[in-house]
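Written out below as structure tokens is the structure these notes cover.
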Amino acid sequence: MEKIRYYFERIYPYLGAMVITGIMAWKKIVFVEDVNMESALEGVNTTAALIIGARI
């Protein structure tokens with residue numbers, strides 16, 4: 001049981017990323033060509049900075 005849990009914890013991030021990427025490819029969703037991409041990146045950067053700042 002411990003061995004299964006060990007491998008699951010190592011594999012699930014990759015499986016989740018592959019599933020999300022597959023769905024985006026299937027639905028033909030491309031975020032890079034979006035007009036508001038710069039605003040989205042600024043928002044993610046601000047959120048990450050707040051989370052990191054709150055933990056220190």
*asked:* So, taking all protein chains as they sit and a 1.4 Å probe, how much accessible area belongs to residue 5, in Å² rounded to tens?
replied: 140
_Rounded percent of accessible protein surface that carbon and sulfur make up, the chain, 1.4 Å probe_ = 67
_Using only the alpha-carbon atoms, what does the chain span along each of its principal axes? Please give whole angstrom values in decreasing order._
47, 40, 9
*What angle do you read, to the nearest 10 degrees and between 0 and 90, between the alpha-carbon axis of helix 2-26 and the longest principal axis of the chain?*
40
*Please work out the average accessible area per residue across the chain, using the 1.4 Å probe convention, and give it in Å².*
101
*What accessible area, in Å² to the nearest ten, does a 1.4 Å probe give for residue 6?*
110
*Which of 21, 40, 1 sits farthest toward the positive end of the charge dipole of the chain, with +1 on the Cβ of Lys and Arg and -1 on the Cβ of Asp and Glu?*
1
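The values are calculated or read from the model by the stated rules, or taken from the named source; none is laboratory data. Since we're looking at a predicted model, the values are computed, not measured. Positions of Cβ are generated from backbone atoms using ideal geometry, with glycine treated the same way; all protein chains shown enter the neighbour counts. Surface accessibility is based on the protein's heavy atoms, side chains included, excluding ligands, DNA and RNA. Shrake-Rupley method; radii C 1.70, N 1.55, O 1.52, S 1.80 Å.
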